[in-house]
Amino acid sequence: MLKTEIGALGEDKAVNFLKSKSFEIIDKNYKALPYGEIDLIALDDQTLVFVEVKYRKSVKFGTTEEMISISKQKKIINTAQIFLQQNESFSNYECRFDVIAITNNEINWIRAAFNSN
């Protein structure tokens, strides 16, 4: 299975998980080059949630959560700022940065995994 196929599989699992929690999916794989990409953007009531999805088959080389470096967090934050500039209808929403870490079929949802400060 290719890396992109594995990533898409993880994102599909994350979408289904969030929908089961009554989230509305706004966008998938939002890109703002050269800054980066956000895997999922969703609404949780009146909160706009930017979601990084990490999928691994095992923890042999570390946990999935450990894959979100400070550098990656900054890229996600910068990309989120561009999304908000381009989508003014969301400018008054609270924002949150979540991580959904999937190892095999186990989903670990980390709400407010990091912030823009």
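Ordered by residue, what ³J(HN,Hα) values in Hz, to whole numbers, does segment 107-117 give under the Karplus form 6.51 cos²θ - 1.76 cosθ + 1.60, where θ = phi - 60° and Gly and Pro are x?
So the J values, rounded to whole Hz, are 9, 10, 9, 10, 6, 6, 5, 7, 9, 7, 7.
Using amide H atoms built in the peptide plane, which far-off residues or other-chain residues are under 5 Å from residue 26 H to H?
Close amide H contacts, sequence-distant or interchain: 41, 42, 43.
Which percentage, to the nearest 5, of the DSSP beta bridges contained in segment 3-114 is antiparallel?
Roughly 65 percent of the DSSP beta bridges within segment 3-114 come out antiparallel.
Rank the residues 103, 79 as a footprinting-exposure proxy: fewest other Cβ atoms within 10 Å of their Cβ go first.
Going from least to most buried by this count: 103, 79.
In debye to the nearest 20, how big a dipole does segment 3-114 give about its Cα centre with +1 on each Lys and Arg Cβ and -1 on each Asp and Glu Cβ?
With Lys and Arg at +1 and Asp and Glu at -1, about 440 debye.
Give the Kirkwood hydrodynamic radius (Å, one decimal) of segment 3-114, defined as one over the mean of 1/r across all pairs of different Cα atoms.
Hydrodynamic radius (Kirkwood, Cα pairs) of segment 3-114 is 14.2 Å.
For segment 68-80, just list the computed ³J(HN,Hα) in residue order, Karplus coefficients 6.51, -1.76 and 1.60, θ = phi - 60°, integers in Hz, with x standing in for Gly and Pro.
In residue order, the calculated couplings are 9, 6, 4, 4, 5, 4, 4, 4, 5, 4, 4, 5, 4 Hz.
For the pair residue 92 and residue 116, how long in nm is the line joining their label points, each one 7 Å along Cα→Cβ?
Result: 1.7 nm between the two label points.
Counting only other residues whose beta carbon sits under 10 Å from that of residue 96, what net charge do I get with K and R as +1, D and E as -1?
With Lys, Arg at +1 and Asp, Glu at -1, the net is -2.
All of the numbers you see were taken from the coordinates with simple rules; none came from a lab. In this text the structure is predicted, and so the values were computed from the model without any measurement. Cβ atoms come from the backbone with ideal geometry, glycine included; neighbour counts cover every protein chain shown.
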